[in-house]
1. Between the DSSP loop rule and a limit of at most 10 other Cβ atoms within 10 Å, which trypsin sites (Lys or Arg not before Pro) in the stretch 177-269 are left?
2. Enumerate the residues in the stretch 214-240 having an amide nitrogen under 17 Å from the point lying 7 Å beyond the Cα of Glu252 toward its Cβ.
3. Rank-order 23-30, 12-19 by packing density, defined as the average count of other C-beta atoms within 10 Å over each peptide's residues, highest first.
4. Enumerate by residue number the trypsin sites (Lys or Arg not before Pro) in the stretch 261-318 meeting two conditions: DSSP loop (anything except H, G, I, E, B), and at most 11 other Cβ atoms within 10 Å of the site's Cβ.
5. Just to confirm the filter: which GluC sites (Glu not before Pro) across the stretch 182-281 are DSSP coil and have at most 14 other Cβ within 10 angstrom of their Cβ?
6. All other residues with a Cβ under 10 Å from the Cβ of Asp81 taken together, and with Lys, Arg as +1 and Asp, Glu as -1, what is their net charge?
7. Report the relative contact order of the stretch 87-165, percent, no decimals, based on alpha-carbon pairs under 8 angstrom and at least 6 residues apart.
8. At a 1.4 Å probe, what is the % contribution of carbon and sulfur to the accessible area of the chain?
Amino acid sequence: MLRTMGKELEIVFISLDHDEDGFNAHFETMPWLTVPFDVNLHKKLRERFHVVRIPFLVPLNLDGQSVEEDLIGLIEDFGEDAFPFTKKRREELKAIDDSKRQGGKIDQLLARPGRDYVVASDGGKVLVSKLIGKTVGLYFGAHWCPPCRAFTAQLVEAYNQLLSSRGDCFEVVLVSSDRDQKEFDVNISDMPWLALPFEDRTRQDLCRIFNIKAIPALVFIGPDGKPISTNGKNIITLYGAKAFPFTQSSIEEIEESLRKEGDSLPTQIQDIKHQHVLKLDMAKSYVCNYCERQGKFWAFSCDACDYDLHPTCVEEAS
């Protein structure tokens with residue numbers, strides 16, 4: 001890519017393969033130059049440039065600029081944009097990331113030159129400009145990841161509830177970590193929302209911009225285009241659609257309401273349907289053993305056995 005752009009760059013491969021056959025097979029996959037296979041020469045070069053691990057990239061810059069030390073990491077993060085691989089360039093790229101993260105423009109986060117749209121599960125294209133003014137959840141996930149598939153079900157429930165109760169003020173965009181296009185297609189087929197195209201590097205850029213280290217992860221962007229929370233997964237898991245618009249104040253209101261609800265309930269009860277005393281407990285999620293419906297937050301639970309009762313299902317013994 002850089003050579004086709006007219007950049008003055010050359011790479012020379014220094015092999016640490018065990019034998020010449022391995023070197024030849026390795027070098028066949030490379031478009032650049034190499035030093036002929038010579039174990040002694042390679043050992044001298046390794047010692048000369050203090051190579052302690054591979055892959056390792058040594059910059060030879062002739063114009064006196066300070067070159068970034070972690071070139072491998074820089075290129076993995078920014079690709080060809082990292083050129084000319086200087087510390088100054090890294091600082092410039094980090095400033096661009098900061099501007100995109102805090103700049104308040106959803107189109108700068110999701111679009112790029114040559115692509116002004118995201119895709120739907122049916123293959124349709126939706127202009128990124130249609131998302132301006134909405135609360136947007138950036139969902140980092142992959143089909144191969146079991147925790148992602150479990151969280152997707154929770155997010156679909158919250159998404160559909162918000163769609164029916166509040167219209168189109170909320171949208172989700174999948175930022176896929178799937179391994180190939182086929183896996184991506186299967187993943188998005190189960191989702192009612194939008195996605196960045198699989199082949200687009202913006203997926204990797206957003207992982208870097210929001211420092212995503214594990215999936216599933218969910219980042220909420222507000223109607224003003226600025227981040228609300230990078231802890232969206234926990235918010236949805238705990239509170240679901242009730243937490244909308246996912247601001248700190250909305251979370252505090254929910255928690256205050258739950259505290260008041262808990263204060264209004266007895267600390268323990270003796271229900272006629274169970275032989276043991278049931279104690280009031282805060283549970284993220286449970287299934288009521290009486291009505292067999294999903295419950296959240298307050299439950300009456302048994303310390304002696306695996307029994308949970310929704311507060312509305314209590315029938316106290318007289």
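1. Lys213
2. Counting backbone N atoms under 17 Å from the label point, the list is 228-229.
3. Values: 23-30: 11.9, 12-19: 13.5.
Put in order of decreasing packing, that is 12-19, 23-30.
4. On the way: sites: Lys273, Lys279, Lys284, Arg293, Lys296; in loops: Lys273, Arg293.
Listed in order of number, the matching sites are Arg293.
5. Qualifying residues, ordered by number: Glu199.
6. Its environment carries a net charge of -2.
7. Numbers: 34 pairs, mean separation 12.1, N = 79.
So the answer I get is 15 percent.
8. Working: 9470 of 18670 Å².
Here it works out to 51 percent.
The values are calculated or read from the model by the stated rules, or taken from the named source; none is laboratory data. Computed from a predicted structure; not experimentally measured. Backbone-built Cβ (ideal geometry, glycine too); neighbour counts: all protein chains shown. Side chains are part of the model used for accessible areas, which takes the heavy atoms of the whole protein and leaves out ligands, DNA and RNA. Shrake-Rupley method; radii C 1.70, N 1.55, O 1.52, S 1.80 Å.
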